[in-house]
Every structure is written in C-alpha cells, then in structure tokens.
Amino acid sequence: MADPARARRLAKRISTIVASAIEYEIKDPRLAGVTITDAKVTADLHDATLYYTVLGATLEDEPDYPGAAAALESAKGVLRSKVGAGTGVRFTPTLAFVRDTVPDAANRMEELLSKVRAADADLARAREGATPAGDADPYRVPVEKEDEQD
C-alpha cells in the first residue's frame, strides 16, 4: 500500500499527462472541448479514475457527452501508454473516465436560487404598504400588578 500523499501526487501527475495528451497529441475532433477536472488513484496505485467535463461551443449548444465518452474509450490505450511513460511507476494504472457532474449541479442550484430570489422580491413588493389585520403587536404582554401590602 502506498501512502495517501503519494497517491495524490500520482493522481495529479496522471491528470496533467492525460490533459496534455488530449489537447496536443490525440487528433480526435470529439475531444475538442474535453477538460480533465479531477483524478483519483486507488491506495494500491493500480486504478485511476479521471473526471472530465465537456465544454460546448456556446451556452445554448449542448455538449456532445456520448461522443466524448466514446472518444475517451477509444483513446484509453494510447493515454495509458503515455501515463506509463510519463510517471515511471512499476505498474501503470488502468484508466477509467467518469463524467464530472459538479458543473451541472452548480448550474441547477444557481437556477433554483434565482427562482427563490425572484419569489422573495415578489413577496417583498406585495408586503409594501400592508398593515396587519389585527393588532400591530399580536403578542399579549402580561400586565404587571403592583404589590398589595396587607
């Protein structure tokens, strides 16, 4: 078993090598917008999981996730050989590519927050100039009785 610090260093090195190879060496047009966001290596250094996202040309254009996944699968052998040559470890880790859903979740949360902000603003506009239906202070305050002396 390798120590966790070594696994983190190896994961960072693998992500750098794979990202560089995708950008400069592999000539598949389906990998044009692929970005490696994170990498994790198991404690025994035998398996590496690389998280990727696909950036679209415009915000309205939906990225080609199935095409990118197929391109990464077809380039997996070449990328593994690049990782083996670039890291110098005894056993080159197997590579697994997983789509990173964090940006999608963040966009969804931002949409929900903007809806909530709009609803709060509508409620604030409706409350302007409104008066309470009953007393201004609906909570009863106990009346203090003066001490009766016998």
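The values are calculated or read from the model by the stated rules, or taken from the named source; none is laboratory data. On a predicted model such as this, the values are computed, not experimentally measured, just so you know. Cβ placement follows ideal geometry from the backbone for every residue including glycine, while neighbour counts extend to all protein chains displayed. The accessibility values were calculated without ligands, DNA or RNA, using every heavy atom of the protein model including side chains. Shrake-Rupley method; radii C 1.70, N 1.55, O 1.52, S 1.80 Å.
Observations on the structure shown:
- The alpha carbons of the range 16-95 give a radius of gyration and a Dmax of 13.2, 45 Å, in that order.
- Note on K115: no lysines have a C-alpha under 19 Å away, same-chain residues under 8 apart excluded.
- Within a Gaussian network of the chain (alpha carbon springs, distance under 10 Å), most fluctuating of P63, P93, P132: P132
- Candidate cross-link partners of K27 among the lysines, defined by an alpha-carbon separation under 18 Å and a same-chain spacing of 8 or more, comprise K76, K82.
- For the chain: rounded, prolate or oblate by the Cα gyration tensor [a/c cutoff 1.5]: oblate
- Charge context of R117, other residues only, Cβ under 12 angstrom, K/R +1, D/E -1: -3
- Placing +1 on the Cβ of every Lys and Arg and -1 on the Cβ of every Asp and Glu, with no other charges, gives the chain a dipole of roughly 1780 debye about its Cα centre.
- Where S114, S74 fall by accessible area, highest first, once all protein chains stay in place (1.4 Å): S74, S114
- Heavy atoms of L112 accessible to a 1.4 Å probe, total area in Å² rounded to 10: 80
- Förster radius 41 Å - calculated FRET efficiency between D122 and Y65 (Cβ-Cβ, nearest 0.05): 0.70
- Ordered from highest to lowest accessible area with the whole protein assembly present and a 1.4 Å probe, T94, T53, T101 read as T101, T94, T53.
- Taking the DSSP bridge list for the chain and keeping only pairs wholly inside it, about 55 percent are antiparallel.
- Within a Gaussian network of the chain (alpha carbon springs, distance under 10 Å), most fluctuating of R140, R125, R13: R140
- Atom-type composition of the exposed protein surface of the range 2-48 places 53 percent of the accessible area on carbon and sulfur (1.4 angstrom probe).
- Gaussian network model of the chain, springs between alpha carbon atoms under 10 Å - residue of E25, E128, E73 with greatest fluctuation: E128
- When E111, E23 are compared by accessible surface with a 1.4 Å probe, the order from highest to lowest is E23, E111.
- Å² of accessible area per residue within the chain, as computed with a 1.4 Å probe and no ligands counted: 75
- Per-residue ellipticity at 222 nm from helix content only, as computed over the chain with -39500 (n - 2.57) for each DSSP H run of at least four residues, stands at -14500 deg cm²/dmol.
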